[in-house]
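**Student:** Quick one: the structure is below, and I'll ask about it shortly.
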C-alpha cells in the first residue's frame, strides 16, 4: 500500500485535475475539509472508509490511491512478505490498524483484499460507503457493529455485508485480532 504521503499526493492530484477545491471534495465525499487537508499533507493515513469515499467522489477506484506498480496475474503475496508491505493506518494518533494489501499491482481489479492487524486499543470509527465487504476473523475476537447490532466473530467466522449500512470493525475484549477483508466498490 502506498504510504500516507503518496496517498495524499494522489488525492490532491486527482482533486486538482478535476479543478475541485477541498471544500467541494468535502461536500461530495462527506469527509471533512480538515481531514482532507491532513490527508493531502501526508499528516494522516486515511481510514479505509474515508479513502473509499474520497475515491468515489473523485471518480476513481480505491486501488488508484494505493498501487505503486502493475503486476501480471496471478498476484501472489507470500505471508512472510507482508512485513515489507506494512503501512501504519492512522485514523488518529493511536489508530491501531495495520493494513497489508493483497491485490496491489492488479490494476484491473474490482475488489480490494487486505490482511489487517487490529490492535487491542484500536480506535475504530463507524463507516458507511457504497459497495460490499467480506471479512474473515483469523485470530483474536473481532467485534462487528452493523446497523447498530453487535456481533462477535471468532477465528474462522466470517461476515459479508452491504457497506452502505453504518458499520464498525474492531478487536474485542481488550486483545488484538487479525482479519482478512475484501472490499468491493462498484465503479
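Please treat every number below as a calculation from the coordinates, not as lab data. In this text, all values refer to a predicted model and were calculated from it rather than measured experimentally. A quick note on method: Cβ atoms are made from the backbone with ideal geometry, for glycine too, and the neighbour counts reach across all protein chains shown.
**Student:** Based on the alpha carbon coordinates of segment 4-65, what radius of gyration and maximum Cα-Cα distance (Dmax) apply, in Å?
**Tutor:** Computed over the Cα atoms of segment 4-65, radius of gyration and Dmax are 9.7, 24 Å.
**Student:** If each DSSP helix of 4+ residues adds -39,500 (n - 2.57) and the sum is divided by the residues in the chain, what number results at 222 nm, nearest 500 deg cm²/dmol?
**Tutor:** It lands at -6500 deg cm²/dmol.
**Student:** Same structure again: Using 0.36 nm per residue of separation minus the Cα-Cα distance, give me the extension gain between residue 60 and residue 152 in nm, one decimal.
**Tutor:** Result: 29.8 nm gained on full extension.
**Student:** Under 10 Å, Cα contacts only: if you run a Gaussian network model on the chain, which one of 57, 79, 159 comes out with the highest mean-square fluctuation?
**Tutor:** The residue with the greatest mean-square fluctuation here is 79.
**Student:** Set the Förster distance to 25 Å, then compute FRET efficiency between residue 165 and residue 43 from the Cβ-Cβ distance, nearest 0.05. Mind showing how you got there, number by number?
**Tutor:** Values: r = 30 Å, r/R0 = 1.19.
So the FRET efficiency works out to roughly 0.25.
**Student:** Next question, about the same structure. Please report the spacing between the Cα centers of segment 149-187 and segment 11-36 in Å, no decimals.
**Tutor:** Here the answer is 28 Å between Cα centres.
**Student:** Hey, another quick one. Counting alpha carbon pairs within less than 8 Å and at least 6 residues apart, what relative contact order, in whole percent, applies to the chain?
**Tutor:** Working: 403 pairs, mean separation 36.0, N = 187.
Dividing the mean separation by the residue count of the chain yields 19 percent.
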